[in-house]
């Protein structure tokens with residue numbers, strides 16, 4: 001296994017999410033982007049399975065819980081684009097503007113442009129993957145700290161020894177005849193190798209990640 005192309009993740013919430021404590025992923029699969037583009041098993045799923053703007057607590061029109069609509073109302077009044085009170089205006093999640101119940105199509109462009117120029121999305125570092133036909137995500141870093149589940153093993157000095165053991169085991173997999181390999185278990189396509197240092201590497205083709213590591 002080419003360890004220069006993989007990253008070892010530590011699952012900080014393995015007792016809750018029931019995923020392996022140490023997961024090895026392709027480094028290229030780690031993305032930096034918006035939290036709304038990740039997946040969630042929770043009730044906040046959108047129709048396409050993505051967490052969405054509301055679940056990500058983004059400041060934008062699509063998140064009705066944010067104050068973006070109120071800010072646009074104030075902008076329309078302060079800029080003189082409308083001659084009414086803010087309380088007379090409604091702005092939908094699509095940017096449709098109504099005043100006293102009457103739709104004003106000419107104002108939608110102003111609303112959507114304001115939204116695009118002023119929206120703030122929650123940033124995250126994550127790995128998206130598919131399991132049993134469902135999109136799921138491993139969250140490594142996020143502006144919403146409560147959503148973070150994983151960290152990269154080499155980020156912590158106190159784990160240097162464990163990192164060295166893991167890398168050594170990954171380099172030996174699947175060289176089962178290496179003298180440092182203690183045992184090999186084959187269960188169909190699933191391969192598990194254990195080294196004499198007590199580190200095991202498990203590769204299961206049905207799992208989306210590269211491998212699992214146990215100490």
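The values are calculated or read from the model by the stated rules, or taken from the named source; none is laboratory data. This is a predicted model, so every value here is computed, not measured. For neighbour counting, all protein chains shown are included, and Cβ atoms are generated from backbone atoms with ideal geometry for every residue, glycine included.
Taking the condition modelled with pLDDT under 95, in the same structural domain as residue 174 (by TED's automatic domain parsing) and touching a strand residue (DSSP E or B) at 6+ places or on another chain (Cβ under 8 Å), does residue 37 pass?
Working: modelled with pLDDT under 95: yes; in the same structural domain as residue 174 (by TED's automatic domain parsing): yes; touching a strand residue (DSSP E or B) at 6+ places or on another chain (Cβ under 8 Å): yes.
Here the answer is yes, as residue 37 does meet what is asked.
Suppose we filter 162, 167, 191, 131 for residues that are modelled with pLDDT of 95 or more, surrounded by 12 or more Cβ atoms within 10 Å (Cβ to Cβ), within 22 Å of residue 23 (Cβ to Cβ) and not assigned by TED's automatic domain parsing to the domain that holds residue 83; which single one remains? Explain how you work it out, then say what you get.
Working: 162 fails: modelled with pLDDT of 95 or more; 167 fails: modelled with pLDDT of 95 or more; 131 fails: modelled with pLDDT of 95 or more.
Going through 162, 167, 191, 131 in turn, just one is modelled with pLDDT of 95 or more, surrounded by 12 or more Cβ atoms within 10 Å (Cβ to Cβ), within 22 Å of residue 23 (Cβ to Cβ) and not assigned by TED's automatic domain parsing to the domain that holds residue 83: 191.
Would you pick out the residues in the range 95-113 that are surrounded by fewer than 16 Cβ atoms within 10 Å (Cβ to Cβ) and in contact with a helix residue (DSSP H, G or I) (Cβ under 7 Å, 6 or more places away or on another chain)? Please lay out each step first, then the result.
At the first step, the residues of the range 95-113 found to be surrounded by fewer than 16 Cβ atoms within 10 Å (Cβ to Cβ) are 98, 100-103, 105-106, 109, 113.
Answer for the range 95-113, where residues must be surrounded by fewer than 16 Cβ atoms within 10 Å (Cβ to Cβ) and in contact with a helix residue (DSSP H, G or I) (Cβ under 7 Å, 6 or more places away or on another chain): just 100.
Report yes if residue 91 is touching a strand residue (DSSP E or B) at 6+ places or on another chain (Cβ under 6 Å), over 16 Å from residue 150 (Cβ atoms) and either in the same structural domain as residue 149 (by TED's automatic domain parsing) or buried (at least 17 other Cβ atoms within 10 Å of the Cβ) (or both), otherwise no. Let's see the steps before the verdict.
On the way: touching a strand residue (DSSP E or B) at 6+ places or on another chain (Cβ under 6 Å): yes; over 16 Å from residue 150 (Cβ atoms): yes; either in the same structural domain as residue 149 (by TED's automatic domain parsing) or buried (at least 17 other Cβ atoms within 10 Å of the Cβ) (or both): yes.
In short, yes.
So for the range 175-188 (the condition being assigned by TED's automatic domain parsing to the domain that holds residue 132, within 26 Å of residue 132 (Cβ to Cβ) and under 30 Å from the mean Cα position of the chain (by Cα)), does at least one residue qualify?
First, the residues of the range 175-188 that are assigned by TED's automatic domain parsing to the domain that holds residue 132: 175-188.
This time we only want the ones that are within 26 Å of residue 132 (Cβ to Cβ), so: 185-188.
Next, only the ones that are under 30 Å from the mean Cα position of the chain (by Cα) stay: none.
Within the range 175-188 (the criterion being assigned by TED's automatic domain parsing to the domain that holds residue 132, within 26 Å of residue 132 (Cβ to Cβ) and under 30 Å from the mean Cα position of the chain (by Cα)), the answer is no, since none of the residues qualifies.
Check the range 164-174 and report whether any residue there is in contact (Cβ under 8 Å) with a residue 12 or more places away in the chain, part of a loop (DSSP other than H, G, I, E, B) and over 22 Å from residue 55 (Cβ atoms). First the steps, then the outcome.
First pass over the range 164-174, keeping only residues in contact (Cβ under 8 Å) with a residue 12 or more places away in the chain: 165-174.
Subsequent filtering for residues that are part of a loop (DSSP other than H, G, I, E, B) retains 173-174.
Going one step further and asking which of them are over 22 Å from residue 55 (Cβ atoms), we end up with 173-174.
Yes, that holds for at least one residue.
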